[in-house]
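Right, one structure below, let's go through it.
The values are calculated or read from the model by the stated rules, or taken from the named source; none is laboratory data. This one's a predicted model, so the numbers in the text were calculated from it and none came from an experiment. Neighbour counts run over all protein chains shown; Cβ positions are idealised from the backbone, glycine included. Surface accessibility is based on the protein's heavy atoms, side chains included, excluding ligands, DNA and RNA. Shrake-Rupley method; radii C 1.70, N 1.55, O 1.52, S 1.80 Å.
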Protein chains: 2
Amino acid sequence: MNGAESLVRTFVGGGVNVCFANPGTSEMHFVAALDRVEGMRCVLGLFEGVVTGAADGYARMTDNPALTLLHLAPGLGNGLANLHNASRAHSPIVNVIGDHATYHKQYDAPLNGDIEGVARPYSKWLRSSISAADIARDGAAAVAAARAAPGQIATLILPADTAWSEGGAVADVPPAPAPELPQGEAIDGAARLLRNGRPTAILLGGRALRGEALVTAGRIAAACGASLFAPYSMPRVERGAGRVPVERIPYVIDQAAARLAGFPQMILVGAPPPVAFFAYPEKPSVVTPPGCEIHRLAEPRHDLTAALAALADAIGATRTPPLLQERVRQSPPSGKVTLAGLAEVIAGLIPENAIVIDESITSGRGLLPATKGAVPHDWLANTGGSIGIALPLAVGAAIACPERRVMCLESDGSGMYTLQALWTMAREGLNVTTVLFANRGYNILKSELANVGAGNPGRKALDMLEIGHPDLDWCRLGTGMGVPASRATDLDSFYAALAKGLRTDGPTLVELVL
Amino acid sequence: MNGAESLVRTFVGGGVNVCFANPGTSEMHFVAALDRVEGMRCVLGLFEGVVTGAADGYARMTDNPALTLLHLAPGLGNGLANLHNASRAHSPIVNVIGDHATYHKQYDAPLNGDIEGVARPYSKWLRSSISAADIARDGAAAVAAARAAPGQIATLILPADTAWSEGGAVADVPPAPAPELPQGEAIDGAARLLRNGRPTAILLGGRALRGEALVTAGRIAAACGASLFAPYSMPRVERGAGRVPVERIPYVIDQAAARLAGFPQMILVGAPPPVAFFAYPEKPSVVTPPGCEIHRLAEPRHDLTAALAALADAIGATRTPPLLQERVRQSPPSGKVTLAGLAEVIAGLIPENAIVIDESITSGRGLLPATKGAVPHDWLANTGGSIGIALPLAVGAAIACPERRVMCLESDGSGMYTLQALWTMAREGLNVTTVLFANRGYNILKSELANVGAGNPGRKALDMLEIGHPDLDWCRLGTGMGVPASRATDLDSFYAALAKGLRTDGPTLVELVL
């Protein structure tokens, strides 16, 4: 068996069953091995940012790594931006990067490059595997590294001759070590804060925003009158009617500071302290109030569910009923498009148990409050601030959860970075309904220009912030890649088009002109 | 004056007049400064690979750096693939990468990342500028570094507070040192080879493929009966009727080896020794015949024009008339689309002094022979093998040479990586006529799969090589970004559409279905 086949068999045996791929010549033996091994679904992306963003979406929904298959240093480079986002989401991912044959590297052929150098900034584990006898063991180690809590990016470089040479030997993927419980003093310290009678913000990160951990957080909050928050850059939160409600910290620095002003203490549960997304002249970098006592109950690598259970136990809240979100029903709004109106349309149409992907930026500022009482659903956000994640995330989430509907809320500026994801949705027949908010601009930058004190923009500056002239026609872009698309210009047509899309098998797109 | 303004004034004063940009919040002060300073054209790209590829195209046509303006580590990551190609073209480029304010870095906000780590693999010069007082001097040094022969990539990291703080002081860009002449023995050695009577291949790289250097190479070849070659990955060659003809080394390894088999000696003029693009089992990495004596007349950093002049002098060929390509006229072909037929259509329609950008891959295998006798034109190819360069290159070349027509020959697989370039063509009204070869596949990979001995592909492997299901509709993709587009399915409609496009002001696209 050649190295490539031993590697694919090792992955499949170790429970890695999806490969998002944009291969080239150096990956052909790996591709050929996919034919010979059952159990690996292979999904083509026409751009590497689609591949890495899809792997992130898959990981967020399964807590299990997918593979990416990428072509040498430039292919990895194209995937870096969404690996940045994935690293901030603590998503487990195994990158397999093909390289030239080991003996060919010395000739510095045109595609030769420093793959390790490109990989290092976003790889917690990185290895170049130089023999067919080692590749399966290296692949197994990569999977284990990706699964190490809280989830990591592992990059395995696969020279072509390592793939094609005989001598491969399938390896077992070692089990990932169970995540640790925080130190007892971290739990005691949090319990002391919760008993001191002062207002407490509890900031939940990672898996604390879901499942049993979230319910336990709700018990603690109910018992102590604490407030539950999520970071602005939240990877995935379970929300809607019947769920423990969590409030997202706003993006806008003044709003974030105002919202947190009343909290002299904060408990972090697998989340970093909240800070300004960017620095602004004369404004603080930290959004908690001066003197706020910040206590770390658990780091992201800890067992957040167990940490919250221990805290609930320490304060006697293990049976306290949590406050649960009530169902809110609204009649569909009508007429001219407003931010409040479009949010109501979406709130009314989110399908039961849907996965909502949100990169709506300025257009979606009203979405979270409006949808809090919708039917239960998951909400995935951009975790690293590199725009162009939503469409790829939707691909990965839909592959991970074929039984669930995906609603993808994308903006025109962001969508253009990775629009190729629409093609993958079409090829795979994914049940993704995309709403494309077309405001014809990087509108967030217009407010940021003012926020950073750069003054009133002139024509040249404005041209860098507006993406009209010419307007993008997302109906043509969507249908050009095989995704049926329509345009809505008022709330009535938006409601009708979105409702129809959500009833349709396969992907659809609604361009909402703002 | 703030740091940003001092930097922009330094660039303009130093002869850097074009900025290809995809900015974010951290670059807002730089963008605002563009409003206050005359003399910098700013061109927006909706994806960073468009930005870096356009800078490459601009550099290849002007031998002068343009700026790229990119947003933190992920923005740079998205630009890496075409920086890879630019580095192989020895294109001078100055990247300006915005970063968080220096004091904000410690908080590790979501977009924080290792910009230097991402930049290092493709930056010959790299600096993070931490004060407004230094930034202009650092920017001047970056320009000088970019201009150092043969042309380099320089990356300047610009923290937001460096840009917005007062205390900027405009700096002078030091002149780039003149490129050196090779050692006398390198010239003598080449002269000895040319006099020994054995067949000689002269491989021309970089600027040796243009202007006076090319004419001199033609004199040498004529005097000695040597054969002139260009690397497969040639950055820019001047060709067509009345020019010194140069033969490109084929991509396909067996063809390359067969073509060079008759040459026991080769002289390199600013080009690396020719090697296989990829390694293949049981095939050599080197395409020159065994025992071929390879002599380096000049490295890429040398003055290639002077080196060739010295060699011509050494062999007494300074007045030898070079062989010049004759004009070849063909009547337009008709009927079914064939590779030979489409090449003839293109050959007949290349406008005088046009810039032809070629990333046609398998569809364009017949293009160079067919167009050798066309009217004079420049031909730009993919230099680093990272596909997705042609559309961005066309943007940069058209900005560099507004008086010339650009014909962009792109393939569907490659085009999808950076299709956003079409929007920039539309916004800027560039005279770029794109031919999109739609073969619905990564067809080169099908032959590569066989070449690497990976056997007959099954369904899963084929799905990774075919980009149909669904077919891309490039007419919709083009018009969706503001570029008028039409489809041709035979040579007659192709001729008519391409001729019309070349008469039209602004960009057009012809999808040629193969």
Quick one: is B:N439 open to solvent by 50 Å² or more (accessible area, probe 1.4 Å) and under 24 Å from the mean Cα position of the chain (by Cα)?
no
Out of all the residues in segment B:434-453, which are part of a loop (DSSP other than H, G, I, E, B) and more than 10 Å from every other protein chain (Cβ to nearest Cβ)?
B:N439, B:R440
Only helices (runs of 4 or more DSSP H) wholly contained in segment A:336-402 count here; list those with 2 or more residues that are farther than 15 Å from A:R248 by Cα.
A:339-349, A:390-400
So in segment B:403-428, with the set limited to residues that are outside any loop (DSSP other than H, G, I, E, B) and of a type in the set (A, V, I, L, M), which one is surrounded by the fewest Cβ atoms within 10 Å (Cβ to Cβ)?
B:A426
Kindly indicate whether any position in segment A:480-492 is part of a helix (DSSP H, G or I), open to solvent by less than 30 Å² (accessible area, probe 1.4 Å) and not basic (K, R).
yes
Output yes when any residue across segment B:495-504 is surrounded by 22 or more Cβ atoms within 10 Å (Cβ to Cβ), within 8 Å of chain A (Cβ to nearest Cβ) and over 19 Å from B:E359 (Cα atoms), and no when none is.
no
Do you know which of the residues in segment A:267-286 that are open to solvent by 10 Å² or more (accessible area, probe 1.4 Å) and β-branched (V, I, T) is farthest from the other protein chains (Cβ to nearest Cβ)?
A:V286
State whether the residues of segment A:506-514 include one that is open to solvent by 50 Å² or more (accessible area, probe 1.4 Å) and modelled with pLDDT of 95 or more.
no
Only one of these is in contact (Cβ under 8 Å) with a residue 40 or more places away in the chain, open to solvent by 60 Å² or more (accessible area, probe 1.4 Å) and either more than 11 Å from every other protein chain (Cβ to nearest Cβ) or under 29 Å from B:R36 (Cα atoms) (or both): B:E166, B:E185. Name it.
B:E166
Condition set open to solvent by 20 Å² or more (accessible area, probe 1.4 Å) and in a loop (DSSP other than H, G, I, E, B), scope segment A:144-163, selection nearest to A:G205 (Cα to Cα): answer is A:P150
For segment A:323-359, name all the residues that are open to solvent by less than 10 Å² (accessible area, probe 1.4 Å) and of a type outside the set (A, V, I, L, M).
A:G341, A:E359
In the set A:L339, A:L260, the lone residue that is in contact with a strand residue (DSSP E or B) (Cβ under 9 Å, 6 or more places away or on another chain) and of a type outside the set (S, T, N, Q) is A:L260
Checking B:T383, B:T362 in turn, the sole residue that is over 18 Å from B:R329 (Cβ atoms), within 14 Å of chain A (Cβ to nearest Cβ) and surrounded by fewer than 23 Cβ atoms within 10 Å (Cβ to Cβ) turns out to be B:T362
Checklist (1) farther than 23 Å from A:R404 by Cα; (2) at pLDDT 95 or above; (3) part of a loop (DSSP other than H, G, I, E, B) applied to A:S331, failing item
(2)
Index of the failed condition, B:M234 passing every other in (1) of a type in the set (A, V, I, L, M); (2) surrounded by 23 or more Cβ atoms within 10 Å (Cβ to Cβ); (3) not in a loop (DSSP other than H, G, I, E, B):
(3)
Which condition from (1) touching a strand residue (DSSP E or B) at 6+ places or on another chain (Cβ under 9 Å); (2) open to solvent by 40 Å² or more (accessible area, probe 1.4 Å); (3) farther than 22 Å from A:G113 by Cβ; (4) in a helix (DSSP H, G or I) is the one that B:A133 breaks?
(1)
A careful count of residues in segment B:3-22 that are open to solvent by 10 Å² or more (accessible area, probe 1.4 Å) and either free of Cβ contacts under 8 Å to residues at least 60 places away in the same chain or within 7 Å of chain A (Cβ to nearest Cβ) (or both) gives 2
Select from segment B:61-77 the residues that are open to solvent by 10 Å² or more (accessible area, probe 1.4 Å) and either over 18 Å from B:A145 (Cβ atoms) or among the β-branched types (V, I, T) (or both) and list them in ascending order.
B:M61, B:T62, B:H71
Quick one: which of B:A201, B:A221, B:A217, B:A176 is within 27 Å of the chain's Cα centre (by Cα) and without any contact (Cβ under 8 Å) to a residue 40 or more places away in the chain?
B:A176
Log entry, pairs with first residue in segment A:133-156 being closer than 11 Å to A:A176 by Cβ, second being modelled with pLDDT under 95, beta carbons closer than 6 Å, six or more apart or on different chains, reads A:A144/A:A176; A:R147/A:A176; A:A148/A:A176
For segment B:35-56, name all the residues that are free of Cβ contacts under 8 Å to residues at least 60 places away in the same chain and either open to solvent by less than 10 Å² (accessible area, probe 1.4 Å) or farther than 12 Å from B:I399 by Cα (or both).
B:D35, B:R36, B:V37, B:E38, B:G39, B:M40, B:E48
Positions within segment B:454-479 being facing chain A (nearest Cβ under 7 Å) and in contact with a Gly (Cβ under 6 Å, 6 or more places away or on another chain), in sequence order
B:I467, B:P470, B:D473, B:R476, B:L477
Run A:R296 past the list (1) assigned to a loop (DSSP other than H, G, I, E, B); (2) basic (K, R); (3) under 29 Å from the mean Cα position of the chain (by Cα) and report the number of the one that doesn't hold.
(1)
Kindly indicate which of A:H104, A:H84 is within 8 Å of chain B (Cβ to nearest Cβ) and under 12 Å from the mean Cα position of the chain (by Cα).
A:H84
Criterion (under 20 Å from B:A178 (Cβ atoms) and more than 14 Å from chain A (Cβ to nearest Cβ)) met by exactly one of B:A314, B:A298:
B:A298
Scanning segment A:57-77 for residues that are in contact (Cβ under 8 Å) with a residue 40 or more places away in the chain and farther than 26 Å from A:R9 by Cβ, the one nearest to the other protein chains (Cβ to nearest Cβ) turns out to be A:G77
Out of the residues in segment B:206-218 that are surrounded by 24 or more Cβ atoms within 10 Å (Cβ to Cβ) and touching a Pro at 6+ places or on another chain (Cβ under 9 Å), state the one that is nearest to B:R319 (Cα to Cα).
B:T216
Any idea which residue in segment B:369-380 is nearest to B:V345 (Cα to Cα), counting only those that are open to solvent by less than 10 Å² (accessible area, probe 1.4 Å) and either within 14 Å of chain A (Cβ to nearest Cβ) or of a type in the set (A, V, I, L, M) (or both)?
B:A374
Please work out which one of (1) open to solvent by 10 Å² or more (accessible area, probe 1.4 Å); (2) within 12 Å of chain B (Cβ to nearest Cβ) is the condition A:N431 fails and give its number.
(2)
